[in-house]
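So the structure is just underneath, and the comments pick up after that.
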Amino acid sequence: MEPLLPGRRRILGAAMLACLPAWAEAQPDLSHPLGPTIADTGSAWYRFSRFTLGSVDGQRSYRITVGVPLRPPPPQGYPAIVLLDGNAALAAIDEPQLQALQDGSPPVIVAVGYDTALRFDVAARAYDYTPPIPAGQFDEETSRGRRGGGATVFLDLLQDRILPQVRQQVALDATQLSLWGHSYGGLFVLHALFTRPGLFSRYIAASPSLWWQGGVILQEEQAFPGAPGARLWLMAGEAERRERMPTEADDPRARAMLAARAAMPPQALPELAGRLRDRHGLEVQWQSFPGLAHGPMLPASLAPALRIAAGLASWRALYPHVSQSKSTPGG
């Protein structure tokens, strides 16, 4: 791994709740430049390094940033959390969040992004994060200028190449691995749970794109038998269903995507949570964030995700106004 030079310690800022109004008004910009992140400026609580990998087919290049707590590891190794859309995730993590993790068991942060100067590689994530397309179905991503259906290939990359390379550098507790993703990334989290429930112990899906390919992920759900000992957190912004439809002057591909999202019933996600609570051994918690739209859910969901990975699953102190529903005590 290539070490990153630490910068000066960031001054602790205001509480994250003060940021919620700004997040609620923000519009996601998938072409936004990355800029310096906490991994570049340095932290008093973590040391960061990174490495790159290419996809097996040579079409995608990944930048993996690894944050290791400065605190010595527990005897069984560190817990860890894999963050999809790793560039954008790192841009949303700040020093107060990392300091807050010291109240628990700080996890190794594995931010899996793309080797680009942007926060997102739209075409790459569309392929990596979307489930295989059933035989006979048209790939709807082609209408957006890209292709989908590569989630199983990307899951192989995580399991067989990325996590083993991280383990060569730092001891991980195999029983305390978390996976977080937003939007298409949240869709991938569900695909990972439904197809390889033993790979992670905590699955955190923020605003998952259930609508994708006519709801193909719900077909995968039907074959999911359960995951004894695993936990699933589902999160979404309460304002997501009220996001405006684009005008005629807007990108027609964006119009088509929002139309596909609108075709999914508003209660699809909480209903999914309810159904999954009946699956053997799986603990489920559903959380709705008042006033937040789809894009702002990315940064808003990261703080609770990191706390979950640190064993600090109770995040009422951060978001006391957010409604919660859980299947078991202590979730």
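Here, each number is a calculation from the coordinates, and none is a lab measurement. Given the structure is predicted, the values throughout are model-derived calculations rather than measurements. As a convention, Cβ positions derive from the backbone with ideal geometry for all residues, glycine included, and neighbour counts pool all protein chains shown.
Multiplying the residue separation of Asp57 and Gln102 by 0.36 nm and removing their Cα-Cα distance gives an extension gain of 12.2 nm.
If packing is taken as the average number of other Cβ atoms within 10 Å across a peptide's residues, how do 175-185, 48-58 rank, most packed first? Provide the component values of the computation, followed by the final result.
Values: 175-185: 24.5, 48-58: 14.6.
Descending packing order for the listed peptides: 175-185, 48-58.
Please give the net charge around Val170, taking every other residue with its beta carbon less than 14 angstrom from that of Val170, where Lys and Arg add +1 and Asp and Glu add -1. Here the count lands on +3.
Each peptide in 95-106, 197-208, 261-272 gets a packing score, the mean of other Cβ atoms within 10 Å over its residues, and the list from highest to lowest is 197-208, 95-106, 261-272.
For the pair Arg242 and Thr116, a Förster radius of 25 Å applied to the C-beta separation gives a FRET efficiency near 0.20, rounded to the nearest 0.05.
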